[in-house]
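Chemist: Here it is, the structure, as structure tokens.
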Amino acid sequence: MKPTNIYFAGVGGQGIGLLTSVLTRACLLAGYRVRGCDTHGLAQRGGTVVSHLRVGEDLFTPRVPVGRADVVIGLERLEALRAAASMLAEGGTVVYYDAVYQPIHVRLGEARYPDAGDLAGVAADRGGRLERVHLEDLEDPRMQNVALLGRVAALGLIEGVDEALVERALREEVPPRVLDANLEVFRRVAGSPPLRAGR
């Protein structure tokens, strides 16, 4: 396969760790070599959290080089914009959950929070694709990360890593007590058949 660089960005507490772990496991299940690392920053204070995942052979560093991310996955609009502006490769794809976590300077009226058009402009400047994910009736915002997994799987952004492999990885990573609820969200966004009793 062609090496694939994936860069994740979000806000502390949004579940970027699970998102990265599930995709890493899915890539391993597909038989790929993976390298990756987390940069937590101010995660415990609602600050920026990023992760790097590189899939393929002959990759000697776990960090995605600036401007070389084939896929940028954002858990929040501002962090998706920042990540795309610095990391997105020419022709890359941005998949983001359209959640809004306004930083203090925006709340104080000292800066403008970006709108969806700002993010679309960054993707267009790089000849890339933008995929927005948002579920109006999502009861638990902690499952926004799983909604993103559904879209990433459905788009086939990692060669050979399909919905079945991502679901298998999700089953292995998510605690049993919340597994069914997460699978329902994943399948809804991925376009898979809904869960039946006993599955």
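Chemist: If we scan the stretch 51-73, do we find a residue that is closer than 28 Å to I104 by Cβ and in a loop (DSSP other than H, G, I, E, B)?
Modeler: Scanning the stretch 51-73, I find at least one residue that is closer than 28 Å to I104 by Cβ and in a loop (DSSP other than H, G, I, E, B), so the answer is yes.
Chemist: Let me ask something else about it. Does V146 meet the test of being closer than 23 Å to G31 by Cα, in contact with a Phe, Trp or Tyr (Cβ under 8 Å, 6 or more places away or on another chain) and not in a loop (DSSP other than H, G, I, E, B)?
Modeler: Considered against the rule, which asks whether it is closer than 23 Å to G31 by Cα, in contact with a Phe, Trp or Tyr (Cβ under 8 Å, 6 or more places away or on another chain) and not in a loop (DSSP other than H, G, I, E, B), V146 comes out as yes.
Chemist: Now for a different question. Within 15 Å of V152 (Cα to Cα), in a helix (DSSP H, G or I) and either of a type outside the set (V, I, T) or at pLDDT 95 or above (or both): does that describe S86?
Modeler: The answer is no for S86.
Chemist: When you look at A99, is it within 17 Å of the chain's Cα centre (by Cα), buried (at least 17 other Cβ atoms within 10 Å of the Cβ), under 19 Å from G15 (Cβ atoms) and aliphatic (A, V, I, L, M), yes or no?
Modeler: The answer is yes for A99.
Chemist: Let me ask something else. Collect the residues in the stretch 50-59 that are at negative phi, in contact with a Lys or Arg (Cβ under 9 Å, 6 or more places away or on another chain) and either free of Cβ contacts under 8 Å to residues at least 12 places away in the same chain or surrounded by 15 or more Cβ atoms within 10 Å (Cβ to Cβ) (or both), keeping them in residue-number order.
Modeler: Within the stretch 50-59, H52, L53, R54, V55, L59 qualify.
Chemist: Still on this structure, please answer the following. Checking the condition at pLDDT 95 or above, in a helix (DSSP H, G or I) and small (G, A, S), which residue from G117, G121 passes?
Modeler: Exactly one of G117, G121 is at pLDDT 95 or above, in a helix (DSSP H, G or I) and small (G, A, S), namely G121.
Condition check ((1) under 25 Å from L81 (Cα atoms); (2) of a type in the set (S, T, Y); (3) surrounded by 20 or more Cβ atoms within 10 Å (Cβ to Cβ)) across all residues:
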{"residue": "E131", "(1), (2), (3)": "yes, no, no"}
{"residue": "H134", "(1), (2), (3)": "yes, no, no"}
{"residue": "V146", "(1), (2), (3)": "yes, no, yes"}
{"residue": "R151", "(1), (2), (3)": "yes, no, yes"}
{"residue": "P175", "(1), (2), (3)": "no, no, no"}
{"residue": "D180", "(1), (2), (3)": "no, no, no"}
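Chemist: Tell me, please, whether a residue that is more than 13 Å from A9 (Cα to Cα) and under 16 Å from the mean Cα position of the chain (by Cα) can be found in the stretch 104-117.
Modeler: No, the stretch 104-117 contains no residue that is more than 13 Å from A9 (Cα to Cα) and under 16 Å from the mean Cα position of the chain (by Cα).
Chemist: Out of all the residues in the stretch 1-9, is one or more modelled with pLDDT of 95 or more, in contact with a Leu (Cβ under 8 Å, 6 or more places away or on another chain) and part of a helix (DSSP H, G or I)?
Modeler: Looking for residues that are modelled with pLDDT of 95 or more, in contact with a Leu (Cβ under 8 Å, 6 or more places away or on another chain) and part of a helix (DSSP H, G or I), one finds none in the stretch 1-9, hence no.
Chemist: Are any residues in the stretch 155-164 surrounded by 19 or more Cβ atoms within 10 Å (Cβ to Cβ) and of a type outside the set (V, I, T), and if so, which ones?
Modeler: If the condition is that a residue be surrounded by 19 or more Cβ atoms within 10 Å (Cβ to Cβ) and of a type outside the set (V, I, T), then L157, E163 are the ones that fit.
Chemist: Determine which member of the set R35, R25, R112 is surrounded by fewer than 22 Cβ atoms within 10 Å (Cβ to Cβ) and in a loop (DSSP other than H, G, I, E, B).
Modeler: Answer to the selection: R112.
The values are calculated or read from the model by the stated rules, or taken from the named source; none is laboratory data. In this text the structure is predicted, and so the values were computed from the model without any measurement. Reconstructed Cβ throughout: ideal geometry from the backbone, glycine too, with neighbour counts over all protein chains shown.
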